[in-house]
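Dumping the structure here so I can ask a few things about it.
The values are calculated or read from the model by the stated rules, or taken from the named source; none is laboratory data. The structure displayed is predicted, hence computed values, not measured ones. All Cβ positions, glycine included, derive from the backbone under ideal geometry; neighbour counts span all protein chains shown. For the accessible areas, the whole protein counts, side chains as well, though only heavy atoms, and no ligand, DNA or RNA atoms are used. Shrake-Rupley method; radii C 1.70, N 1.55, O 1.52, S 1.80 Å.
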There are 2 protein chains.
Amino acid sequence: MKTLKNIESSPTVKLDTNTFNSTDETSNMTDAKNHLPLTRANISKAHEIIKPYIHRTPLLTNTTLNTIASTPQSVSDLAGTPWEDSSTTTPANPKIRFWFKCENLQRIGAFKARGAFHALIRVIEEQGEGEVRRRGVVTHSSGNHAQALALAGKTLNIPTHIVMPSISTPSKIASTQSLGANVVFSGSTEPERTAVMKEIQQRTGAIFVPPYDHPDIILGQGTTGLEMEAQFEEAQQQQGKTLDAVFTPIGGGGLNAGVATWFSEPAKEGGKKTLVFGAEPSFEGADDCRRGLAAGQRVSAVSSKTIADGLRTPVGLNNWAVISDPSKVAGVYSVTDDQIKKAMKLVLERMKVVVEPSAVVGLAVCLFDEDFRRRVEEEGGDEGWDIGIVFSGGNTTVEAIAALFGAN
Amino acid sequence: MKTLKNIESSPTVKLDTNTFNSTDETSNMTDAKNHLPLTRANISKAHEIIKPYIHRTPLLTNTTLNTIASTPQSVSDLAGTPWEDSSTTTPANPKIRFWFKCENLQRIGAFKARGAFHALIRVIEEQGEGEVRRRGVVTHSSGNHAQALALAGKTLNIPTHIVMPSISTPSKIASTQSLGANVVFSGSTEPERTAVMKEIQQRTGAIFVPPYDHPDIILGQGTTGLEMEAQFEEAQQQQGKTLDAVFTPIGGGGLNAGVATWFSEPAKEGGKKTLVFGAEPSFEGADDCRRGLAAGQRVSAVSSKTIADGLRTPVGLNNWAVISDPSKVAGVYSVTDDQIKKAMKLVLERMKVVVEPSAVVGLAVCLFDEDFRRRVEEEGGDEGWDIGIVFSGGNTTVEAIAALFGAN
């Protein structure tokens, strides 16, 4: 296990203030005026900081999925979709080469480890190790952020309190506890959760590390983009060759905002920019970001039971500011739960890697959305596009897979 | 696609005869007197021959699985097993570090690609490209060998006939056909299958490429061991450091015999030898090899519906000669279908890679067999053992996973 010694000797940004202010109803981890700007340079610095603690996950290719994506959908594939009546046009015929960034193989099985380590180390830098160790940190999550913060706390020897709904999956509760976190149960509603968080903070002084809506989280998740750029260039053995596009899922939006920040400037001055896209489930309105962009206003509440359970959250404020900037995010698409299942089946059976439903929404857009596929055909031409897909996580169970694909 | 040009320029063994004899009831691929001896050197040559056509699959580690394997089983774990009455002894406490050879990520999703390419290229060397292309090759298989030979035939432009029971899974039939093979259906019994094979051979002159019981197949599968040895040494960054043990599944026995042939001599003169073990399912007597070793005589027929459907076959004659040699194979263990399911769940959920049930029998032995675990504790001591596990294949479907782990 790494100790804080490693951190202190690594090249980090030292801030000149060490203040702590409460914001809103919770003691937030950093004062707004100390926030690092969302830049490529700050993602590089975040990467230096978290590198000893995270995996450089592989960037995989798969010829079978390339072939499927580069084959036009049939008329029967398109029946029942918005494109079924294109009697005058033929289905799109794009040429696609995928590059899958396997954050399902990241520590705790999801990209969330990046943001959690970055945010926790930044708190320690700002407030001092002794202070943070004395007070501890707290968050609310029933999912991957819970385990990510628990792991970061265990690694850096900081007490961690995780508020989880008492109805959470027993396996998730057990994993979070096995990482040494103090799991505290709450009801499932927002007020119930907040009440428990407040109680913990009043009793312990614990500092809140939010799951997605914070610049330090965004910068941490953005290191995914940094690695993809480097790994693609290595694989091509051609300096300066860049991905044409990258897809990430959008739940709270931290991953998409981080990756979009990384690719907001070209790798080489005057070089080509990689376009960043987002993907969401459309089921019961979980495509809040896409709808918000269409309406010109962020949608602040979502209530959906989409199978992509990591993506049931509305986009956070900090993340919205990035994602709604068309110079940073080139478009957000949505897919049905049935399309998510089809994509997940292909990944498990053809690539032989386990992904959770949330991980494959970007792949599903590339396979099934005729508008996006037409864009690749038109802009990519004979050359086609190299498309990076972030597999955001792999935290599912064989029982959950059985529930999705069983006979019942 | 590679052409035969590549093959002919690669360093291969040229034989001085070019004869073809019929054996038994089928035209076999090589005359027995041309068989290459089962040696390390001939596996190295096989590797040179097939390298352009196969993946060098990764050798993965996983700390969670190491921790689970290095923790004693509890008394409740042992209830209902042969070790439940060990009231006088405590459960074994071995120290195990796993090295997973991911042949589930091999081409066509299984190690079978190695043997099929080697066998087909050897037939071409012996009988001439024109002759083999004119006659074609034939085999019977409802599983991974069917797809492996179909891929080799497609790659090397040789017509391939695959006899499959008409009750085979539609997805397997489709995959084999999509690789360009001529799939011919038969009944499910041995005589029905043989009749269809014979008819094809009489009509076309097709040469039989057996699924496992042939030296060229064994040498091809043995390249798995060659790669494991090299990859382990690379990962250790310590020349001459060897795995303590390697497990492979035993169905027909080609993989185990090949890997045991590779490790039958130490990597360095006077160095330590890697012990090779086999693993089988015990359900309905599918552990024919273990039973045969106990009785001192090969069991020649098996009828089992174990979930490890790749391991329902009795060990072939050539393979038995290797596996029953205690200087080559140090032991064969069996596990229950329930233990196979438990190991499969761990691999899918913790390692996030998809394996078929047959792939995890060796892992299941290391996790659950107290006799083997005691051996590691005693022989490995504080240092423990580095154990290579061959994940033989990943050809399953989400529906099959659902059937194994669903509520019903």
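When you check B:Leu317 against the structure, is it within 17 Å of the chain's Cα centre (by Cα), open to solvent by less than 60 Å² (accessible area, probe 1.4 Å), aliphatic (A, V, I, L, M) and away from chain A (no Cβ under 13 Å), yes or no?
Taking the combined requirement at face value, the residue does not satisfy it.
Quick check on this structure: which one of A:Thr63, A:Thr57, A:Thr67 is at pLDDT 95 or above, within 14 Å of another protein chain (Cβ to nearest Cβ), over 16 Å from the mean Cα position of the chain (by Cα) and at negative phi?
A:Thr67
Can you go through B:Asn256, B:Asn318 and tell me which one is closer than 15 Å to B:Gly362 by Cβ, in contact with a helix residue (DSSP H, G or I) (Cβ under 9 Å, 6 or more places away or on another chain) and assigned by the TED database to the domain that holds B:Val376?
Of the residues listed, the single one that is closer than 15 Å to B:Gly362 by Cβ, in contact with a helix residue (DSSP H, G or I) (Cβ under 9 Å, 6 or more places away or on another chain) and assigned by the TED database to the domain that holds B:Val376 is B:Asn256.
Still on this structure: Quick one: B:Lys345 ticks every box in (1) open to solvent by 10 Å² or more (accessible area, probe 1.4 Å); (2) touching a helix residue (DSSP H, G or I) at 6+ places or on another chain (Cβ under 7 Å); (3) more than 8 Å from chain A (Cβ to nearest Cβ) except a single one, so which number is it?
(3)
Sticking with this one: If you check every pair at least six apart or on different chains, which have Cβ atoms under 7 Å apart with a residue in the stretch A:193-204 that is of a type outside the set (Gly, Ala, Ser) first and a residue that is open to solvent by 40 Å² or more (accessible area, probe 1.4 Å) second?
From residues that are of a type outside the set (Gly, Ala, Ser), the pairs are A:Thr194/A:Glu25; A:Lys198/A:Glu25.
Something else: Quick one: is A:Ile340 within 30 Å of A:Thr90 (Cβ to Cβ) and outside any helix (DSSP H, G or I)?
No: the conditions fail for A:Ile340.
Suppose we keep only residues that are outside any helix (DSSP H, G or I) and open to solvent by 10 Å² or more (accessible area, probe 1.4 Å) within the stretch B:348-357. Which one would you say is farthest from A:Gly393 (Cα to Cα)?
Result: B:Glu356.
Next question, about the same structure. Can you confirm whether the stretch B:90-102 contains a residue that is basic (Lys, Arg) and away from chain A (no Cβ under 14 Å)?
Scanning the stretch B:90-102 turns up at least one residue that is basic (Lys, Arg) and away from chain A (no Cβ under 14 Å).
Would it be correct to say that B:Thr248 is among the hydroxyl-bearing types (Ser, Thr, Tyr) and surrounded by fewer than 24 Cβ atoms within 10 Å (Cβ to Cβ)?
No.
Can you name the residue in the stretch B:358-408 that is over 24 Å from the mean Cα position of the chain (by Cα), open to solvent by less than 30 Å² (accessible area, probe 1.4 Å) and within 14 Å of chain A (Cβ to nearest Cβ) and, of all such residues, is modelled with the lowest pLDDT?
Only one residue tops the list, namely B:Gly406.
Might you check whether a residue that is surrounded by fewer than 23 Cβ atoms within 10 Å (Cβ to Cβ), within 14 Å of chain A (Cβ to nearest Cβ) and either more than 13 Å from the chain's Cα centre (by Cα) or in contact (Cβ under 8 Å) with a residue 60 or more places away in the chain (or both) occurs anywhere in the stretch B:328-339?
Scanning the stretch B:328-339 turns up at least one residue that is surrounded by fewer than 23 Cβ atoms within 10 Å (Cβ to Cβ), within 14 Å of chain A (Cβ to nearest Cβ) and either more than 13 Å from the chain's Cα centre (by Cα) or in contact (Cβ under 8 Å) with a residue 60 or more places away in the chain (or both).
Further question on the same structure: In the set B:Gly205, B:Gly153, B:Gly136, which member is over 21 Å from the mean Cα position of the chain (by Cα) and buried (at least 16 other Cβ atoms within 10 Å of the Cβ)?
Being over 21 Å from the mean Cα position of the chain (by Cα) and buried (at least 16 other Cβ atoms within 10 Å of the Cβ) holds for just one of B:Gly205, B:Gly153, B:Gly136, which is B:Gly136.
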